[in-house]
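The values are calculated or read from the model by the stated rules, or taken from the named source; none is laboratory data. Quantities reported herein were computed from a predicted structural model and do not represent experimental measurements. A quick note on method: Cβ atoms are made from the backbone with ideal geometry, for glycine too, and the neighbour counts reach across all protein chains shown. These area figures cover heavy atoms from the full protein model, side chains too; ligands, DNA and RNA do not enter into them. Shrake-Rupley method; radii C 1.70, N 1.55, O 1.52, S 1.80 Å.
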Amino acid sequence: MTGALILFAHGARDPAWREPVDALARRLRATMPQTEVDAAFLELMSPTLAEAVAAAVEKGATRIAVAPVFWAQGGHLKRDVPALLGEVCASHPGLRIDLWPVLGERDAVLDAIAADYRSLWAAGA
């Protein structure tokens with residue numbers, strides 16, 4: 001393995017909150033068997049981003065993509081995440097880390113949600 005994908009979400013006190021993030025990770029693992037796919041959380045849950053990156057590096061990752069499972073760019077993604085990534089990069093010199101766009105900035109995501117809502121509307125839900 002040379003690459004890892006980290007699904008980075010906010011976190012919550014309720015343990016059930018992470019279930020959709022874990023479900024997404026399972027779906028990705030099933031379709032990306034050569035890539036390590038894990039979840040990480042900003043707060044209240046573990047692992048942290050730093051812990052997830054360290055685990056991926058330990059498994060041989062030389063490239064990591066961080067996919068923010070956030071709807072939009074807020075304070076966390078504008079301030080906190082760049083600081084966290086700076087710390088992580090300092091701990092792992094030479095490691096390539098890419099930060100992907102948030103979900104609400106992805107046309108494919110918006111199109112998929114719109115299609116799902118249209119089908120719910122058509123079904124009378």
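Can you tell me which of P33, P101, P47 is in a loop (DSSP other than H, G, I, E, B), under 15 Å from the mean Cα position of the chain (by Cα) and under 21 Å from T2 (Cα atoms)?
None of the others qualify; the one that does is P47.
Which condition from (1) loosely packed, with under 12 Cβ neighbours inside 10 Å; (2) within 23 Å of A12 (Cβ to Cβ) is the one that P93 breaks?
For P93, the failing item is (2).
Suppose we filter I113, I64 for residues that are of a type outside the set (D, E), open to solvent by less than 80 Å² (accessible area, probe 1.4 Å) and in contact with a strand residue (DSSP E or B) (Cβ under 6 Å, 6 or more places away or on another chain); which single one remains?
I64
Which residue, of A50, A40, A16, is open to solvent by 40 Å² or more (accessible area, probe 1.4 Å), of a type in the set (G, A, S) and in contact with a helix residue (DSSP H, G or I) (Cβ under 6 Å, 6 or more places away or on another chain)?
A50
I'd like the residue in the stretch 54-71 that is among the charged types (D, E, K, R) and outside any loop (DSSP other than H, G, I, E, B) and, out of all such residues, is farthest from the chain's Cα centre (by Cα).
Among them, the one singled out is E58.
Scan the stretch 68-88 and tell me whether some residue there is in contact with a Pro (Cβ under 6 Å, 6 or more places away or on another chain) and under 20 Å from V37 (Cα atoms).
No.
I need a count of the residues in the stretch 72-90 that are part of a loop (DSSP other than H, G, I, E, B) and open to solvent by 80 Å² or more (accessible area, probe 1.4 Å).
Total satisfying the criteria: 1.
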